[in-house]
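Chemist: Sharing a structure here in structure tokens format.
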Amino acid sequence: MSVSVNQKVIVIGAGLAGSEAAWQLARRGIRVELHEMKPAKRTSAHTSDDFAELVCSNSLRSNQLENAVGLLKEEMRRLDSLILACADATQVEAGGALAVDRHGFSRMVTEKIHAHPNIVVVEQEDGAVPESGEVVVATGPLTSDSMAAHLRTLFGAHTTLHFYDAAAPLVTFESVDMSSAFFASRYQKGTPDYINCPMDEETYTAFVQALVCAEEAEVHGFEDKSVFEGCMPVEVMARRGIDTLRYGPLKPRGIIDPKTGKEPYAVVQLRKDNAEGSIYNLVGFQTHLKFPEQRRVFSMIPALREAQFVRYGKMHRNTYLDAPRLLNRYYQFQQDPRISFAGQMTGVEGYVESAASGLLVGIETARRLLGLPPVNFPQETAIGALGLYISNPSVTHFQPMNINFGIMPPLGYRVKGGKRVKNAAIAQRSLELLEPLRSVAAEGVV
């Protein structure tokens, strides 16, 4: 049973970042009032009333330490992240990646938040930051119009920015023509968890041409240049050249078609979206085509000729802050440190990065309220590097950023064996530096 201290924090938003921040505060004895506008109101991208809803992919990306996001996840596990604990508990097969049962994951987060004695959930929409008291704003990239307008007033008209993000369609497994597809993993690594839908050159060329000409749904203010590169709509990639998709999400490298014994000309991969394996998503097929156009064009993929779509792709506008001008390394508003921000609105990009920002905010806010010094996670750790990147005033043209080894200090010595060996050494350094900080970060946990 947790014990609360005479401190309270209002957390606005129960997404990945808000849920993680609330959890970290609560387990350190801080009373949390978690404000969430669902179920009374949802954004255009949300379909569930549960917290920490995954609105795009169900993948939290690589689990390998040689990958920066794999390192970040391992750091979060060692810091007792709620989001990572729930993700690991609801994992579905995805080779070397961490993918989750979308609904099972969100349901578990919701249940744990509601069950914590130091957290009170308040179902309401906040159109402004409270004028007093400690506040964590984690309203996400889909921040409501009223809150976005308030933040523009709070920060100034030129300190909130935006880009466009897109979600991929989902299809039922039983509707996939497995006579035109096969299970395999790239380079035969891990278990064969992906359904691979091969395309020959003629089919691929016709598919790309159809994508280029397909009718898009109208999105106010949308331009190709406003799309975050990590979630580029498939039709936007198609416009960049006939082979762009073959070097992107339809890359055949390392995949062998058992019927031919060779790599296909192009291949569409499907990843399991739920634990039962009844629903799969089209990997890398973020899109904002009109729904009938999605059915028409994506059905040109031989294995998906009769596919049953349970969700079509959608596009939405993401709002983020010009964080280097506004926030410090603890994600606090520099002009009013009682206000902190967490999640994608701070300019970190991705599910894991959003949750990591909430974890750091929760830990550091609790320490401040408990009269303890900050942990100050160093730049050599992934979680520290993110906070230092978004608060770096020398970043002049700020853009949303996934975690990557490029924002972490180099080793300072040469490593033989190539990029993977070097990245593994960087990860090892990070975890060694994190180890003594784990007990520091856990101070106050009750």
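The values are calculated or read from the model by the stated rules, or taken from the named source; none is laboratory data. Source: prediction; values computed, not measured. Here the Cβ is made from the backbone with ideal geometry for all residues, glycine too, and neighbour counts use every protein chain on show. Areas reflect the complete protein model, heavy atoms only, side chains present, ligands, DNA and RNA absent. Shrake-Rupley method; radii C 1.70, N 1.55, O 1.52, S 1.80 Å.
Chemist: Take the residues in the stretch 16-51 that are of a type in the set (A, V, I, L, M), within 30 Å of L282 (Cβ to Cβ) and modelled with pLDDT of 95 or more; name whichever of them is surrounded by the fewest Cβ atoms within 10 Å (Cβ to Cβ).
Modeler: Out of the qualifying residues, it is L16.
Chemist: To continue, here is another question. Quick one: G444 ticks every box in (1) farther than 17 Å from G70 by Cβ; (2) touching an Asp or Glu at 6+ places or on another chain (Cβ under 6 Å) except a single one, so which number is it?
Modeler: Tallying (1) farther than 17 Å from G70 by Cβ; (2) touching an Asp or Glu at 6+ places or on another chain (Cβ under 6 Å), G444 fails exactly one: (2).
Chemist: Here's another thing I want to ask about it. Quick one: in the stretch 384-409, which of the residues that are open to solvent by less than 40 Å² (accessible area, probe 1.4 Å) and not in a helix (DSSP H, G or I) is modelled with the highest pLDDT?
Modeler: Across the stretch 384-409, the extreme among qualifying residues is S391.
Chemist: Something else: Can you pull out the residues in the stretch 180-223 that are open to solvent by less than 60 Å² (accessible area, probe 1.4 Å) and either free of Cβ contacts under 8 Å to residues at least 12 places away in the same chain or among the hydroxyl-bearing types (S, T, Y) (or both)?
Modeler: S180, S185, Y194, T203, Y204, T205
Chemist: Still on this structure, please answer the following. Tally up the residues in the stretch 73-100 that are part of a strand (DSSP E or B) and either touching a His at 6+ places or on another chain (Cβ under 9 Å) or open to solvent by 60 Å² or more (accessible area, probe 1.4 Å) (or both), please.
Modeler: 1
Chemist: Is the stretch 297-307 home to any residue that is over 30 Å from P264 (Cβ atoms) and of a type outside the set (K, R)?
Modeler: no
Chemist: Among the residues of the stretch 1-14, which ones are open to solvent by 20 Å² or more (accessible area, probe 1.4 Å) and either at pLDDT 95 or above or outside any loop (DSSP other than H, G, I, E, B) (or both)?
Modeler: Selection gives K8, I10.
Chemist: For the subset of the stretch 278-301 comprising residues that are part of a loop (DSSP other than H, G, I, E, B) and open to solvent by 10 Å² or more (accessible area, probe 1.4 Å), which member is farthest from F173 (Cα to Cα)?
Modeler: Among them, the one singled out is K290.
Chemist: Also, I was wondering about something else. Please go through the stretch 207-226 and give me each residue that is under 12 Å from H288 (Cα atoms) and modelled with pLDDT of 60 or more, ordered by number.
Modeler: Correct list: L211, A214, E215, E216, A217, E218.
Chemist: Looking only at residues that are among the hydrophobic types (A, V, I, L, M, F, W, C) and modelled with pLDDT under 85 in the stretch 134-150, which one is surrounded by the fewest Cβ atoms within 10 Å (Cβ to Cβ)?
Modeler: For the stretch 134-150, the residue satisfying everything is A148.
Chemist: Still on this structure, I have one more. Quick one: count up the residues across the stretch 335-348 that are surrounded by 24 or more Cβ atoms within 10 Å (Cβ to Cβ) and in contact with a strand residue (DSSP E or B) (Cβ under 7 Å, 6 or more places away or on another chain).
Modeler: 8
Chemist: Being within 24 Å of the chain's Cα centre (by Cα) and either within 19 Å of S278 (Cα to Cα) or of a type outside the set (S, T, Y) (or both) narrows it down to one of V121, V129, V176, so name that one.
Modeler: Just a single option satisfies the conditions, and that option is V121.
Chemist: If you scan the stretch 308-320, which residues turn out to be within 17 Å of the chain's Cα centre (by Cα) and either over 15 Å from V268 (Cβ atoms) or open to solvent by 10 Å² or more (accessible area, probe 1.4 Å) (or both)?
Modeler: K314, M315, H316, R317, N318, T319, Y320
Chemist: On to the next question. Could you tell me which numbered condition S57 fails, if it satisfies all but one of (1) surrounded by fewer than 21 Cβ atoms within 10 Å (Cβ to Cβ); (2) closer than 25 Å to P192 by Cβ; (3) among the polar types (S, T, N, Q)?
Modeler: Unmet condition: (1).
Chemist: Go through the stretch 151-179 and give me each residue that's of a type in the set (G, A, S), open to solvent by 30 Å² or more (accessible area, probe 1.4 Å) and either in contact with a Leu (Cβ under 9 Å, 6 or more places away or on another chain) or at pLDDT 90 or above (or both).
Modeler: Hit for the stretch 151-179 is S179, nothing else.
Chemist: Within the stretch 367-383, take every residue that is under 13 Å from A356 (Cβ atoms) and part of a loop (DSSP other than H, G, I, E, B) and give me the one that is nearest to the chain's Cα centre (by Cα).
Modeler: T381
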